[in-house]
Amino acid sequence: MKSISTALTHGVYHSKAQEWDQHGKIIAEYIWIDGTGLNLRSKSRTLSGKINDVSELPEWNFDGSSTEQAATEDSEIIIKPAAFFPDPFRGGDNILVMCSTYRWADSEKTKLTPANTNFRHFTEPIFEAGKDEHPWFGIEQEYTLFECTNAFTKWPLGWPEGGFPSAQGPYYCSVGATTCFGRAIMDIHYRACLAAKVNISGTNGEVMPGQWEFQIGPCEGISIGDHLWMARYLLGRVTEDFNVGLSFEPKPLKGDWNGAGCHTNFSTQAMREEGGIKEIYEAVEKLSKRHKEHLEVYGLDNEQRLTGKHETCDMDTFRSGLGDRGASIRIGTSVNLDKKGYFEDRRPASNVDPYLVAAMLVSTCVAGSEH
Ligand code: ADP
Ligand code: MN
Ligand code: MN
Ligand code: MN
Ligand code: MN
């Protein structure tokens with residue numbers, strides 16, 4: 001396979017380049033969410049030395065007219081570093097920097113205002129208001145790998161050319177060349193996350209062939225967004241090296257194939273303490289009253305996925321259940337036995353903005369942070 005040999009060639013260069021002396025300088029890769037709210041962009045710059053705190057990182061700017069974020073005549077978008085991680089690809093003291101986007105609010109260009117998809121900025125007050133409850137999030141990111149042929153034909157990795165694989169059943173958590181497609185990508189991404197200090201907690205093969213999942217968390221507060229976006233970036237980089245396509249679409253293949261979600265597991269300190277199950281049921285009750293508001297920010301094209309089939313609850317129904325994968329909210333059977341823990345919101349789509357889903361859960365479930 002062409003893609004694998006390309007990756008191996010790259011690998012040799014990566015490991016050699018990591019040994020070359022940078023003479024004290026470091027490379028910072030600045031990463032931001034573009035105007036679609038779905039894609040990441042990045043560019044790099046040299047800094048004079050090792051960075052120990054995010055406040056040491058300079059602001060920067062980019063051409064927002066090329067990212068659906070600004071007009072040509074007023075094109076500058078300012079990026080402010082929000083969090084940084086060791087760069088596993090470049091190694092050494094080089095870093096990956098998750099940034100937030102701002103534009104000029106006035107024609108004199110003296111005042112900044114958040115750009116359209118800067119949900120980190122918009123949700124910060126909600127996390128701040130709910131922080132005494134120590135909200136934790138664990139997000140299960142599903143994604144689909146594609147044979148990277150060209151921009152117009154998308155066919156999942158491992159699917160026969162011009163035909164379909166056998167029906168779903170043998171693929172979930174599978175092993176073997178006839179059922180499992182892309183393990184090397186999954187594994188290198190897993191190690192890249194650990195090397196980057198991204199809080200990854202596990203991974204598994206999914207129900208649709210060519211589809212995978214990784215889990216980020218538990219992360220407290222707004223950091224879930226930084227870690228999940230960085231994990232998505234790392235996956236983009238790994239799949240790029242393998243010359244394999246990557247999609248976070250919620251229903252990449254129409255028909256009798258599972259969609260892709262971002263199940264979001266949530267708890268507060270009170271839910272994690274003895275008898276916390278009572279708090280969990282109170283939160284579910286509150287969620288039942290704001291079903292529509294949640295769905296509005298739970299991802300693009302999610303209606304194609306939330307059909308009531310393929311382990312989802314249909315859009316128009318809100319239902320919770322014990323160990324029920326057809327419910328909107330699942331409470332794990334072990335949580336029920338322990339009478340404490342967390343619950344799983346199964347509604348978010350794979351392309352959801354993690355800052356938004358996490359903030360919505362805090363806003364609905366934590367008293368005093370309603371927005
Ligand atoms: P599933 O059984 O639905 O496949 P996973 O094992 O894929 O669940 O993912 C569970 C996620 O929940 C993990 O990211 C884990 O870190 C997270 N998690 C575990 N405990 C908590 C908690 N108390 N609060 C929030 N998230 C949690
Ligand atoms: Mn230029
Ligand atoms: Mn899972
Ligand atoms: Mn899954
Ligand atoms: Mn799940």
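The values are calculated or read from the model by the stated rules, or taken from the named source; none is laboratory data. Small disclaimer: the values here were computed from a predicted structure and weren't measured. No Cβ is skipped: glycine too gets one built from the backbone with ideal geometry, and neighbour counts run over all protein chains shown.
Assorted remarks:
- Selection of the stretch 22-45 for residues being free of Cβ contacts under 8 Å to residues at least 60 places away in the same chain, assigned to a loop (DSSP other than H, G, I, E, B) and under 28 Å from Ala349 (Cα atoms) yields only Asn39.
- Residue among Leu235, Leu300 that is in a helix (DSSP H, G or I) and at pLDDT 95 or above: Leu235
- In summary, strands (runs of 3 or more DSSP E) completely within the stretch 107-169 and bearing 3 or more residues that are surrounded by 17 or more Cβ atoms within 10 Å (Cβ to Cβ) and at pLDDT 95 or above occur at 136-148.
- Close Cβ contacts (under 7 Å, 6 or more residues apart or on different chains) running from residues in the stretch 257-277 that are more than 26 Å from Leu295 (Cβ to Cβ) to residues that are within 16 Å of ligand 3 (Cβ to nearest atom) comprise Arg272/Gly341; Gly276/Gly341.
- Residue match in the stretch 181-203 (condition: closer than 30 Å to Glu133 by Cβ, among the β-branched types (Val, Ile, Thr), in contact (Cβ under 8 Å) with a residue 40 or more places away in the chain and within 16 Å of ligand 5 (Cβ to nearest atom)): no
- Complete set of residues in the stretch 325-363 that are of a type in the set (Val, Ile, Thr), part of a helix (DSSP H, G or I) and surrounded by 21 or more Cβ atoms within 10 Å (Cβ to Cβ): Val335, Val357, Val362
- Candidates Ala196, Ala231, Ala260, filtered to the one that is touching a strand residue (DSSP E or B) at 6+ places or on another chain (Cβ under 6 Å), within 30 Å of Ser166 (Cα to Cα) and among the hydrophobic types (A, V, I, L, M, F, W, C): Ala260
- Criterion applied to Ser369, Ser350 was being in contact with a Gly (Cβ under 6 Å, 6 or more places away or on another chain), of a type in the set (Gly, Ala, Ser) and away from ligand 5 (no atom under 16 Å from the Cβ), and the one residue passing it is Ser369.
- For the residues Leu287, Leu234, the requirement of being among the aliphatic types (A, V, I, L, M) and either without any contact (Cβ under 8 Å) to a residue 12 or more places away in the chain or within 24 Å of Asn204 (Cβ to Cβ) (or both) singles out Leu234.
- Qualifying residue in the stretch 257-273 (condition: more than 16 Å from ligand 4 (Cβ to nearest atom) and of a type in the set (A, V, I, L, M)): yes
- Those residues of the stretch 170-207 which are more than 14 Å from ligand 3 (Cβ to nearest atom), in a loop (DSSP other than H, G, I, E, B), of a type in the set (A, V, I, L, M, F, W, C) and closer than 22 Å to Glu249 by Cβ, in sequence order: Cys180, Phe181
- Scan of the stretch 260-281 for residues that are away from ligand 5 (no atom under 16 Å from the Cβ), under 24 Å from the mean Cα position of the chain (by Cα) and surrounded by 20 or more Cβ atoms within 10 Å (Cβ to Cβ), ordered by number: Thr268
- Residue check for Pro252: in a loop (DSSP other than H, G, I, E, B) and either of a type in the set (D, E, K, R) or touching a Lys or Arg at 6+ places or on another chain (Cβ under 9 Å) (or both): yes
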